[in-house]
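> Have a look at the structure that comes next, please.
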Amino acid sequence: MSSKNCQDQVSPLVKGFFHSESSTISYVVQDPQSNSCAIIDSVLDLNYASGTIGHTHADAMIEYVETHQLSVEWLIETHVHADHLSAAPYIQQQRGGKIGIAKQIVEVQEVFGKIFNAGTEFQRDGGQFDFLFSDRSQYTIGEMAAHAMHTPGHTPACMTHVIGDAAFVGDTLFMPDGGTARADFPGGDAAQLYNSIQKILSLPDDTRIFVCHDYGPNGRDIAWQTTVGDERLMNIHLADGANEAEFVAMRTKRDATLSMPSLIMPSIQVNMRAGHMPASEANGEVYLKVPLSGLKANKTP
């Protein structure tokens, strides 16, 4: 158990933006000593029924950046999201910044490139992104030090980004009363997820944790900030010192009851391309595919 604290760490300024349709929280993370910032897990609005794209959520983030005269250095994806489309290219076009994800994106691209029959024109080398993070990659936002921790299990390309005294954990952890991520998507692994969570919980107790989703369990207000210490003591899937075998059994049983996210089909096709749409077809229109065999848990093409 970690008894360390992070009192000597820089404390970034963090502004959360809640996207109610996908229950996603996107973040603007600012170096307190400059106007440099990163944007984490941005969201593009999609009306799936009508096949139309919107920018309301992304525009709110852009307005915040412009109002505070911030310089966007990074557009970070904690993983390939299955419940929303990334707005990173849209924001990059207007405000700049490098789009980054874990280097294990190539594993996700290989699996889903086959599932969606993306063809040889879809490169499975991560080249759609500007930067691929490795485990322990170090980078800066202005003068503020940051590093990436590879935390797979929910997906192979999940990264936790530790920025000063804050950790952005993607879907790996939720608020303590929300538990932990599912591990039944293709490439997911509950044992890996357990070990990734232990890596996060080894951070100092007072490290601020910012989650990517919140669903307001039991009717409580939406929340997205907790701490390592509170996760360790109160997370409903980790309390009472559950060991790896117990966690895997719990996660496997629970995942078997979950339905697929409603936007998983369009989301993965776009997000594995760094938020870019597939190439247009001969008529100039862009199409997203739905394999009628479905997306079975841990399906191997």
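> Which members of region 82-129 meet the condition of being charged (D, E, K, R) and in contact (Cβ under 8 Å) with a residue 60 or more places away in the chain?
ASP83, GLU107, LYS114, GLU121
> A further question on this structure: May I ask you to list pairs of residues, at least six apart or on different chains, whose Cβ atoms are under 8 Å apart, with the first in region 237-265 being under 30 Å from PRO291 (Cα atoms) and in contact (Cβ under 8 Å) with a residue 60 or more places away in the chain and the second being among the hydroxyl-bearing types (Ser, Thr, Tyr) and loosely packed, with under 15 Cβ neighbours inside 10 Å?
SER262/TYR48; LEU263/TYR48
> Here's a follow-up. On the basis of being at pLDDT 95 or above and part of a loop (DSSP other than H, G, I, E, B), does VAL80 make the cut?
yes
> Return the residues of region 65-74 that are in contact (Cβ under 8 Å) with a residue 40 or more places away in the chain and either within 12 Å of SER42 (Cα to Cα) or in a loop (DSSP other than H, G, I, E, B) (or both); say none if nothing qualifies.
LEU70, TRP74
> Looking only at region 132-151, decide whether some residue is buried (at least 18 other Cβ atoms within 10 Å of the Cβ) and under 24 Å from TYR215 (Cα atoms).
Scanning region 132-151 turns up at least one residue that is buried (at least 18 other Cβ atoms within 10 Å of the Cβ) and under 24 Å from TYR215 (Cα atoms).
> While we're on this one: Let me spell it out: the conditions are (1) among the aliphatic types (A, V, I, L, M); (2) assigned to a helix (DSSP H, G or I); (3) surrounded by 14 or more Cβ atoms within 10 Å (Cβ to Cβ); (4) free of Cβ contacts under 8 Å to residues at least 40 places away in the same chain, and MET277 meets all of them except one. Which number is the exception?
Going through the list (1) among the aliphatic types (A, V, I, L, M); (2) assigned to a helix (DSSP H, G or I); (3) surrounded by 14 or more Cβ atoms within 10 Å (Cβ to Cβ); (4) free of Cβ contacts under 8 Å to residues at least 40 places away in the same chain, MET277 breaks only (2).
> Do we have any residue at all in region 85-99 that's at pLDDT 95 or above, closer than 19 Å to ILE264 by Cβ and not in a loop (DSSP other than H, G, I, E, B)?
Yes, that holds for at least one residue.
> Something else about it: Among residues belonging to region 104-134 that are within 14 Å of the chain's Cα centre (by Cα) and not in a helix (DSSP H, G or I), point out the one that is farthest from CYS37 (Cα to Cα).
Across region 104-134, the extreme among qualifying residues is GLN104.
> On to the next question. Considering only region 185-223, state which residues are in contact with a strand residue (DSSP E or B) (Cβ under 7 Å, 6 or more places away or on another chain) and either among the hydroxyl-bearing types (Ser, Thr, Tyr) or without any contact (Cβ under 8 Å) to a residue 24 or more places away in the chain (or both).
Listed by number, the list holds a single entry, THR207.
The values are calculated or read from the model by the stated rules, or taken from the named source; none is laboratory data. As the structure is a computational prediction, the values presented were derived from the model and not from experiment. Here the Cβ is made from the backbone with ideal geometry for all residues, glycine too, and neighbour counts use every protein chain on show.
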